[in-house]
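For reference, the structure discussed in these notes is given below.
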Amino acid sequence: MTTAARQHALIHSPELERGGYPEACPFNTTRAGRMLETVQSMDLMSGDDREIVAPQRLTREELQRFHSPEYLDVLRQAGSGGVDPLAALKFGLGTPDCPIFKDMYDYVALAAGATVTGARLILDGTADVVFNPSGGFHHAQASSAAGFCFVNDIVLAALEFANAGKRVLFLDIDVHHCDGVQDAFYGRRDIMTVSLHESGKTLFPGTGFETEIGSGLGEGYTVNVPLPVGTYDAAYEGAFKEAVLPLIRKFGADVIILELGMDALAGDPLAHLHLTNNTHAGIVEALVEMSIPILATGGGGYHVENTVRGWVLCWSVLCGEHQDAYDFMLGMGGVMMENTDWVGGLRDRSLLADGGIRENIDAEIDRVSKAIQTTLFPLHGL
């Protein structure tokens, strides 16, 4: 299937911009709406092959396909002000990163439902490429919240595909390790979980080392690439091409779920990598070339302007218009400011790695890549 023949859907509703996380929380829910505004202003929603689709809120029965009844009960009670704070804490609720807010159950059921809506569009043939910028809650466990994540939309969407007989590849390029998704599918081989993230030695949630490869029937179907502080474009791209891409191709997925967290970008206040959005765009382009249906989600990204721009760039790549996006406003002569703000188009300019630490970064990434090649490649006949 060619890019031009694909049908593209952007999942969004104004309801996702009302209420939601408290203003003091770093997880900013205005990002999706701002992305849509930029997409429309750049004429990236025009054409018969693109549409905006409203999400469907998940029902209690649908949420229980992964989450426990006890957890959902407390989640609903917390949103209505009817739960004891100590009881909520047992489920990860009421912490700085998982604050309790009004009507939270309904909000997270809608945000997660947007991703499942996208999965169903792919399954029924309505769309081949779907993006839900309001999704990507990869830390949520069956009975607890963590890391701004209350309902694990990635797990629920993957189950939707798997229950329809599809082999699912989940590729996560958010800066944080996808511990909730990994735990859910650690023993399965029909769903491969691949994560490139800042090492757990320096960043939450402290998991996702290259030795975590799955268990039982799932051995070899969990792939982790922990990255050192300061990882830059060329080093990241090298790890992807050498350690990840061969495994992705060998797996032979029917559908790809992609988490496009933008918190790996240089300047993000909650992480320590040194990437530009050109790396994200390049990975998306490599996936598009596989001609497999893609369900993309947002995720992290706590420098709002950089996140919005990165998502718009990735949408342009998903739609096959990334060259136009590269040329857009090029004449303005963009400059990456000291605060990492970028003036002049969607693509970041190239950033140089700190010469003093580049050798250490390269050595660590080479070590991890070789470990993956030694341990996992033979399990897949590579």
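The values are calculated or read from the model by the stated rules, or taken from the named source; none is laboratory data. The model shown is predicted, which means the values in this text are computed figures rather than measured ones. All Cβ positions, even for glycine, are placed from backbone atoms using ideal geometry, and neighbour counts span all protein chains on display.
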Restricting attention to the stretch 288-311, which residues are under 23 Å from Arg120 (Cα atoms), among the β-branched types (Val, Ile, Thr) and surrounded by 24 or more Cβ atoms within 10 Å (Cβ to Cβ)? Ile294, Thr297
Set Leu260, Leu217: member being surrounded by fewer than 24 Cβ atoms within 10 Å (Cβ to Cβ) and among the hydrophobic types (A, V, I, L, M, F, W, C): Leu217
If you scan the stretch 164-196, which residues turn out to be surrounded by 24 or more Cβ atoms within 10 Å (Cβ to Cβ), free of Cβ contacts under 8 Å to residues at least 60 places away in the same chain and part of a loop (DSSP other than H, G, I, E, B)? His177
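Please enumerate the residues belonging to the stretch 351-380 that are closer than 21 Å to Gly214 by Cβ and exposed (fewer than 13 other Cβ atoms within 10 Å of the Cβ).
Arg367, Thr374, Pro378
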Quick one: would you say Glu51 is among the charged types (D, E, K, R) and surrounded by 14 or more Cβ atoms within 10 Å (Cβ to Cβ)? yes
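Table: residues versus (1) over 25 Å from Ser291 (Cα atoms); (2) in contact with a Leu (Cβ under 9 Å, 6 or more places away or on another chain); (3) outside any loop (DSSP other than H, G, I, E, B).
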{"site": "Ile100", "(1), (2), (3)": "yes, yes, no"}
{"site": "Asp106", "(1), (2), (3)": "yes, no, yes"}
{"site": "Ala111", "(1), (2), (3)": "yes, yes, yes"}
{"site": "Gly118", "(1), (2), (3)": "no, yes, yes"}
{"site": "Thr126", "(1), (2), (3)": "no, no, no"}
With the structure loaded, tell me whether Ala281 is more than 15 Å from Leu313 (Cα to Cα), among the hydrophobic types (A, V, I, L, M, F, W, C) and out of contact with any Phe, Trp or Tyr (no Cβ under 8 Å at 6 or more places or on another chain) or whether it fails that test. no
Looking at (1) hydroxyl-bearing (Ser, Thr, Tyr); (2) within 28 Å of Gly320 (Cβ to Cβ); (3) outside any helix (DSSP H, G or I); (4) in contact with a strand residue (DSSP E or B) (Cβ under 9 Å, 6 or more places away or on another chain), which one does Tyr236 not meet, given that it meets all the others? (3)
Collect the residues in the stretch 240-270 that are under 18 Å from the mean Cα position of the chain (by Cα), over 17 Å from Arg309 (Cβ atoms) and either outside any strand (DSSP E or B) or not aliphatic (A, V, I, L, M) (or both), keeping them in residue-number order. Phe240, Val244, Leu245, Ile248, Ala253, Glu259, Leu270
So, in the stretch 322-378, of the ones that are in a loop (DSSP other than H, G, I, E, B) and of a type in the set (D, E, K, R), which residue ends up modelled with the lowest pLDDT? Glu338
Of the residues Ala24, Ala9, which is surrounded by fewer than 16 Cβ atoms within 10 Å (Cβ to Cβ) and either under 14 Å from Tyr107 (Cβ atoms) or of a type in the set (A, V, I, L, M) (or both)? Ala24
Of all residues in the stretch 271-308 being touching a residue at least 12 places away in the same chain (Cβ under 8 Å) and either charged (D, E, K, R) or in a strand (DSSP E or B) (or both), which is farthest from Ala5 (Cα to Cα)? His274
Give me the pairs: first residue in the stretch 43-71 and farther than 17 Å from Leu295 by Cα, second residue among the aromatic types (Phe, Trp, Tyr) and in a loop (DSSP other than H, G, I, E, B), beta-carbon distance under 7 Å, and six or more apart or on different chains, which are they? Tyr71/Phe91
Per-region count, the stretch 81-118, residues touching a residue at least 24 places away in the same chain (Cβ under 8 Å) and either within 20 Å of Glu17 (Cα to Cα) or in contact with a strand residue (DSSP E or B) (Cβ under 6 Å, 6 or more places away or on another chain) (or both): 23
